[in-house]
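Worksheet for the structure shown next.
The values are calculated or read from the model by the stated rules, or taken from the named source; none is laboratory data. All of these numbers come straight from a predicted model, not from anything done at the bench. As a convention, Cβ positions derive from the backbone with ideal geometry for all residues, glycine included, and neighbour counts pool all protein chains shown.
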Amino acid sequence: MTHQLVFLSRRAFEVPAGQAAIRPGDGVVGMKLRQMAKDFVRHYLLPLEPLPAEGLKLVYLDPEDDLIDCGGPVRLSLGDARPPAADTRPAVFRNARGTFLAAEQAARAYTMSEAQRFYKAECFVDLASCEALSRQDRNISAVFPDWRVEGMGTADGIMPLERVLSAYQKSRSA
């Protein structure tokens, strides 16, 4: 049996963290993430298909932005755990707090004149909660150099994100 995909247009804040999602007009499918701040929640999309050549980077989403919920969670395959090497920055690693995927995040900085500037910061996606966190790259106990994106979980198993994106594009042209 083939799973019938249903693409729901929602506001970013309505799409659960961990879901496969598409930002209209981008031509990429990614994992919806959230970041808990003191008084609010930030929303992000982590593009995964196609995988960006320049590395994993979070895309900020305004809570009211349109986002296409693909109807299932993103699934990763971690592969075998290996001891960490002192001279490398792993993309996926485990520490006492959990298993994390490293990505780049644009962060805001304010000057004395309150003009907004952006700088690059590293963030870490907790693979259990799909929350973007900072400063998790300490006391690494294992790395997963052979990790890969498996696809989106469906009732029939796992569908490659390439097929999810293709189905979305076909649904838009029909």
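A few points about this structure:
- Asn95 meets each of the listed conditions (1) in contact with a Ser or Thr (Cβ under 8 Å, 6 or more places away or on another chain); (2) modelled with pLDDT of 90 or more apart from (2).
- Residue list for the stretch 30-43, filter: in contact with a Gly (Cβ under 9 Å, 6 or more places away or on another chain) and of a type outside the set (A, V, I, L, M, F, W, C): Lys32
- The set of residues in the stretch 26-66 that are among the aromatic types (Phe, Trp, Tyr) and within 13 Å of Val125 (Cβ to Cβ) contains only Tyr44.
- Checklist (1) surrounded by 12 or more Cβ atoms within 10 Å (Cβ to Cβ); (2) modelled with pLDDT under 85; (3) part of a helix (DSSP H, G or I) applied to Arg172, failing item: (1)
- Failed item in (1) at pLDDT 85 or above; (2) at negative phi; (3) surrounded by 13 or more Cβ atoms within 10 Å (Cβ to Cβ), with Ala128 passing the rest: (3)
- Filter result (in contact with an Asp or Glu (Cβ under 6 Å, 6 or more places away or on another chain) and modelled with pLDDT under 85) within the stretch 58-92: none
- Glu54 vs. criteria of a type in the set (D, E, K, R), modelled with pLDDT under 90, surrounded by fewer than 17 Cβ atoms within 10 Å (Cβ to Cβ) and within 16 Å of the chain's Cα centre (by Cα): yes
- Scope the stretch 37-51; condition in a strand (DSSP E or B) and under 15 Å from the mean Cα position of the chain (by Cα); matching residues: Arg42, His43, Tyr44, Leu45, Leu46, Pro47, Leu48, Glu49
- Near pairs, Cβ below 6 angstrom, 6+ apart or cross-chain, from the stretch 67-86 (under 22 Å from Gly18 (Cα atoms) and touching a residue at least 24 places away in the same chain (Cβ under 8 Å)) to any residue that is among the acidic types (Asp, Glu) and surrounded by fewer than 18 Cβ atoms within 10 Å (Cβ to Cβ): Arg75/Glu150; Ser77/Glu150; Gly79/Asp146
- Exactly one residue out of Pro84, Pro63 is in contact with a strand residue (DSSP E or B) (Cβ under 7 Å, 6 or more places away or on another chain) and more than 26 Å from Arg172 (Cβ to Cβ), and it is Pro84.
- Test result for Lys32, crowded, with 16+ Cβ neighbours inside 10 Å, charged (D, E, K, R) and either free of Cβ contacts under 8 Å to residues at least 60 places away in the same chain or assigned to a strand (DSSP E or B) (or both): yes
- Candidate set from the stretch 131-167 (those that are buried (at least 18 other Cβ atoms within 10 Å of the Cβ) and touching a Cys at 6+ places or on another chain (Cβ under 8 Å)); member that is farthest from Phe7 (Cα to Cα): Ala132
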